[in-house]
Amino acid sequence: MGKNFIGLDTEKTAKLADSLNELLSNYQIFYMNVRGYHWNIKGDNFFELHVKFEELYDDLLLKIDEIAERVLTLGHRPAHAYSTYIERSEVPERKDVSDGKDAMENIVDSFAKLIGKQRALLNLAGEAEDEGTVALMSDYISQQEKTVWMYRSYLGH
Ligand SMILES: [Fe+2]
């Protein structure tokens, strides 16, 4: 079992980097969906949701960069083409959404997908003794679980 330059198992790290790239693809599609919501939202809650969606996509963008740079830190290359993102994302593209409730419901569903993937990654990283990725996933999961609670409360669930 070979070790890489930061002392992690080479094979396990390659698997981890691949999962991180899959996660990155989901984030990129989710990010673009939320930008679409920010732009296209209509109705009584426009001002509130327009601002809320900007706060969300700004946060997603930070995480996108952190995930990509974690892949690089592990010695691999982050996915950087939209064709790859489309191919690998489980979060589907959303087009022409102007209804706030529809957007919010989709955001809650997308977070559920991301959280599930991050939990799987947390286990994979734990097995590989990759504390850096464990810590990153752990932060994302706890933050986003709280976000889901707030979005669901807004929706009256
Ligand atoms: Fe804007």
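Assess whether Ser89 counts as being more than 16 Å from the ligand (Cβ to nearest atom) and of a type in the set (S, T, N, Q). Yes: the conditions hold for Ser89.
This table checks each residue for (1) touching a residue at least 40 places away in the same chain (Cβ under 8 Å); (2) part of a helix (DSSP H, G or I); (3) within 12 Å of the chain's Cα centre (by Cα).
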position	(1), (2), (3)
Ser110	yes, yes, yes
Lys113	yes, yes, yes
Leu122	no, yes, no
Glu129	yes, no, no
Ala135	no, yes, no
Ser142	no, yes, no
Val148	yes, yes, no
Tyr151	yes, yes, no
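Scanning the range 78-116 for residues that are within 22 Å of Phe46 (Cβ to Cβ) and of a type in the set (Val, Ile, Thr) yields Val97, Ile107, Val108. Counting the residues of the range 90-108 that are assigned to a loop (DSSP other than H, G, I, E, B), on the phi < 0 side of the Ramachandran plot and over 12 Å from the mean Cα position of the chain (by Cα) gives 7.
The residues of the range 31-80 that are among the acidic types (Asp, Glu), away from the ligand (no atom under 16 Å from the Cβ) and over 25 Å from Met137 (Cβ atoms) amount to a single one, Asp44.
Quick check, is His157 part of a loop (DSSP other than H, G, I, E, B), loosely packed, with under 13 Cβ neighbours inside 10 Å and in contact with a helix residue (DSSP H, G or I) (Cβ under 9 Å, 6 or more places away or on another chain)? Against the criterion (part of a loop (DSSP other than H, G, I, E, B), loosely packed, with under 13 Cβ neighbours inside 10 Å and in contact with a helix residue (DSSP H, G or I) (Cβ under 9 Å, 6 or more places away or on another chain)), His157 qualifies.
Scanning the range 1-44 for residues that are free of Cβ contacts under 8 Å to residues at least 24 places away in the same chain and within 30 Å of Asp102 (Cβ to Cβ) gives Arg35, His38, Trp39, Asp44.
Residues that are part of a helix (DSSP H, G or I), closer than 18 Å to Glu129 by Cβ and not basic (Lys, Arg): does the range 41-55 have at least one?
First pass over the range 41-55, keeping only residues part of a helix (DSSP H, G or I): 46-55.
Filter once more, keeping what is closer than 18 Å to Glu129 by Cβ: none.
The answer is no, given that none of the residues of the range 41-55 is part of a helix (DSSP H, G or I), closer than 18 Å to Glu129 by Cβ and not basic (Lys, Arg).
Could you check the range 67-85 and list, in sequence order, the residues that are of a type in the set (A, V, I, L, M, F, W, C), free of Cβ contacts under 8 Å to residues at least 60 places away in the same chain and either part of a loop (DSSP other than H, G, I, E, B) or surrounded by fewer than 21 Cβ atoms within 10 Å (Cβ to Cβ) (or both)? Of everything in the range 67-85, those that are of a type in the set (A, V, I, L, M, F, W, C), free of Cβ contacts under 8 Å to residues at least 60 places away in the same chain and either part of a loop (DSSP other than H, G, I, E, B) or surrounded by fewer than 21 Cβ atoms within 10 Å (Cβ to Cβ) (or both) turn out to be Ala68, Leu72, Ala79, Ala81. Residues in the range 98-139 that are within 27 Å of Thr13 (Cβ to Cβ) and among the hydroxyl-bearing types (Ser, Thr, Tyr): how many? So the answer is 2.
Only the coordinates and a few stated rules stand behind these numbers; no lab work does. Please read all numbers here as calculations on a predicted model, not as lab measurements. Cβ coordinates were reconstructed from backbone atoms using ideal geometry, including for glycine residues, and neighbour counts include every protein chain displayed.
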